[in-house]
Amino acid sequence: MTTICTALAGTAGRHGDRPAYSDRVDGAWRTRTWSRLRDDALEAAAGFAALGLSPGDVVALMMPNRTEHVLADLGAVHAGGVPTTVYATLAADQIGFIAADCGARIAVLDGRDQLARWLPVLDRLPDLRHVVVLDADACPPGDRFLTWDAFLGLGRAHLAAHADDVEARWRAVGPSDVLTLLYTSGTTGDPKGVRITHAMALAETAMVDGASILPEHDVAVSYLPFAHIADRVLSYYLPIRRAAHIHFCPDPSQLTTVLGEVRPHGFFGVPRVWEKIMAGVQAVMAGEPDPARKAAVEAALDAGRAHVTAQEHGNALTPEIEEAFARADAAVLAPVRALLGLDRVRQASSAAAPLPVEVARFFAGLGLKIFDAYGMTETTGAITANLDDCFRLGTVGRPFPGVDLRLDDDGEILVRGATVTPGYLGRPDATEAAFTPDGYLRTGDIGVLDADGFLRVVDRKKEIIITAGGENIAPSLIENLLKEHPLIGQALAFGDRRPHVVALITLDAEVAPVWAAARGVDATDTAALADHPLVLEEIGHAVADANTRLARVQQVKKWRLLPAEWTAESEELTPTLKLRRRVVHAKYADALASLYAS
């Protein structure tokens, strides 16, 4: 019988002295070994038991990426409970909905910011008996609250007095028990709690590990929230299997710095992360004043792209291509990857949404293959992937062994396998609707399989635009082409039941000021830049360029550059940086209407 509990015990026994997790504290890395991590997790489990947590009770977590997040999660699991990480960007009412929906008994929060989101709804959560706060200075008075240190002290005392009870709890956990609840991002309606079992998570790690080309005990960086299934697998469940070493980056704005220090062997980014890295590199390249050096860089990028393209499924890598790449890599590409902290990366990957092929080809130019994968929370992450020895850019690869994938008559991707959820918490209606009569999960995504079995995701089934003329258009195709320009941060294509497509566009708040300064524009504020003639002219060029690669019915006829950035906090994006189309449609209804006014 294998669970995360028994897997951790095995790793701690075999690799107890190896580093597990590192946090930056006062400018230096502080590391816990696998043996120490398990000991601390058992203390946390005893702490939850002492607070009255019963098997099956839910513990809600809201913390950044840090070792204490893993310990609280493991502690809940070893106590027989069910942890659920709540996105730190959610508003109080959204938090209240999730905590009530799962009947959370205990919450573990980081500090003041998280408390500010929870305090307004605590009176509506009678089942929530205790709130543990990591920041002792932020912990409110009252019997309901206790600090993290006090919680661990309670756990140590309980473990000393009831060691047999704590061991009995984690040994009683079975493969079919729920390991975690992860709530969908709520792009349409209220979020739903996806049940993920120990067996599902371990099956996922076995598939991912089997496809890995990472060295043994690899080093990686964790920066995406643990409410995201990808980082749970890659920075929590998989490291237990591989005895890997994870460095936490709780502030994504510091990611470049952390990458430079850690130099990971593998790196996962949602498409928007790769797009922002690409935009930053392009902005620097555009400012290169020496024509000869600029030409040398472009030639090196061409060599890199040719090298990766030659390795795609069905192509052949020739000695001439290898030799040209070796020269370009030594002179230009390897130093650029080193500046990005990606020089040791053996396996780069992307998921959550299809990676635009031009982004993949850009990084191919740097000598970096990004293996796009496809999956969702309901499948415990990836169910298809491009692999080092079998990939095709612009696709999300082939299904993993053991994954049964087919397309429905309308192109919807249907999947069945060991990593598929048994359903949603307390939502039998939604669970029934999510599956076909013969047991396939309806993903809600429209896909196309090529002759070699590589899957390409077209768009979300519910997001396909049907114009007034009856044409079906995938908005993400248009949006991804627009976002290829480094100035553009986000774009939304619109045109359902309309005569043609229009677009709302926002600037990339990091790239735009750099781009403007290089052209003598003093403004640095996004709102001011959105009105500047040079910026508007450049966005016009970006739209025109995208239109040249689109069919006539897909082309953007009119567009509006908005003065504000779209973020999860302002609610246009989900916490995983996907568009909340209904929010944008409602929030910018007047702007959209004006684009059809004349």
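The values are calculated or read from the model by the stated rules, or taken from the named source; none is laboratory data. All figures in this text were calculated on a predicted structure; none of them were measured in a lab. For neighbour counting, all protein chains shown are included, and Cβ atoms are generated from backbone atoms with ideal geometry for every residue, glycine included.
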Identity of the residue in the stretch 96-127, under 15 Å from ALA72 (Cβ atoms) and part of a loop (DSSP other than H, G, I, E, B), that ends up farthest from the chain's Cα centre (by Cα): ARG105
Qualifying residue in the stretch 346-355 (condition: in contact (Cβ under 8 Å) with a residue 60 or more places away in the chain and assigned to a helix (DSSP H, G or I)): no
Given (1) assigned by TED's automatic domain parsing to the domain that holds LEU573; (2) modelled with pLDDT of 90 or more; (3) within 30 Å of ILE383 (Cα to Cα); (4) among the small types (Gly, Ala, Ser), number of the condition GLY447 does not satisfy: (1)
Enumerated strands (runs of 3 or more DSSP E) restricted to the stretch 393-505, each holding at least 3 residues that are crowded, with 20+ Cβ neighbours inside 10 Å: 441-449, 455-460, 488-494
Qualifying residue in the stretch 35-44 (condition: in a loop (DSSP other than H, G, I, E, B), in the same structural domain as ALA243 (by TED's automatic domain parsing) and either modelled with pLDDT under 95 or farther than 25 Å from VAL133 by Cβ (or both)): no
Scope the stretch 304-326; condition in contact (Cβ under 8 Å) with a residue 12 or more places away in the chain and more than 17 Å from ARG392 (Cβ to Cβ); matching residues: GLY304, ILE321, GLU322, ALA324, PHE325
Tally, over the stretch 265-276, of residues that are crowded, with 21+ Cβ neighbours inside 10 Å, of a type outside the set (D, E, K, R) and in a helix (DSSP H, G or I): 2
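Within the stretch 174-256, which strands (runs of 3 or more DSSP E) (wholly inside it) include 1 or more residues that are in contact with a helix residue (DSSP H, G or I) (Cβ under 6 Å, 6 or more places away or on another chain) and in the same structural domain as TRP29 (by TED's automatic domain parsing)?
219-222, 245-248
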Unique match (being farther than 25 Å from ASP39 by Cα, in contact (Cβ under 8 Å) with a residue 60 or more places away in the chain and not acidic (Asp, Glu)) among LEU202, LEU214, LEU179: LEU214
Helices (runs of 4 or more DSSP H) wholly inside the stretch 510-598 containing at least 3 residues that are surrounded by fewer than 18 Cβ atoms within 10 Å (Cβ to Cβ) and assigned by TED's automatic domain parsing to the domain that holds THR85: none
Boolean, THR180 is among the polar types (S, T, N, Q) and farther than 27 Å from ASP343 by Cα: yes
Any hit, the stretch 47-56, residues being within 22 Å of THR576 (Cα to Cα), hydroxyl-bearing (Ser, Thr, Tyr) and surrounded by fewer than 19 Cβ atoms within 10 Å (Cβ to Cβ): no
When residues of the stretch 310-336 are limited to those that are surrounded by 18 or more Cβ atoms within 10 Å (Cβ to Cβ) and charged (D, E, K, R), the one nearest to HIS265 (Cα to Cα): ASP329
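Across the stretch 196-207, what is the number of residues that are crowded, with 21+ Cβ neighbours inside 10 Å and out of contact with any Gly (no Cβ under 6 Å at 6 or more places or on another chain)?
Residues that pass the stated criteria total 8.
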Among residues of the stretch 128-164, those that are of a type in the set (Asp, Glu), out of contact with any Gly (no Cβ under 8 Å at 6 or more places or on another chain) and either assigned to a loop (DSSP other than H, G, I, E, B) or surrounded by 14 or more Cβ atoms within 10 Å (Cβ to Cβ) (or both), counted: 1
Number of the exception - ASP23 against (1) more than 27 Å from the chain's Cα centre (by Cα); (2) of a type in the set (Asp, Glu); (3) buried (at least 16 other Cβ atoms within 10 Å of the Cβ): (1)
Test: residue in the stretch 56-67 that is in contact with a helix residue (DSSP H, G or I) (Cβ under 8 Å, 6 or more places away or on another chain), in the same structural domain as PRO225 (by TED's automatic domain parsing) and assigned to a helix (DSSP H, G or I): yes
Residues of the stretch 445-468 satisfying the condition of being touching a helix residue (DSSP H, G or I) at 6+ places or on another chain (Cβ under 6 Å) and more than 20 Å from VAL502 (Cα to Cα): ILE446
Members of the stretch 417-431 found to be free of Cβ contacts under 8 Å to residues at least 24 places away in the same chain and under 18 Å from THR377 (Cβ atoms), listed by number: THR431
Residues within the stretch 184-211 that are at pLDDT below 95 and among the polar types (S, T, N, Q), tallied: 4
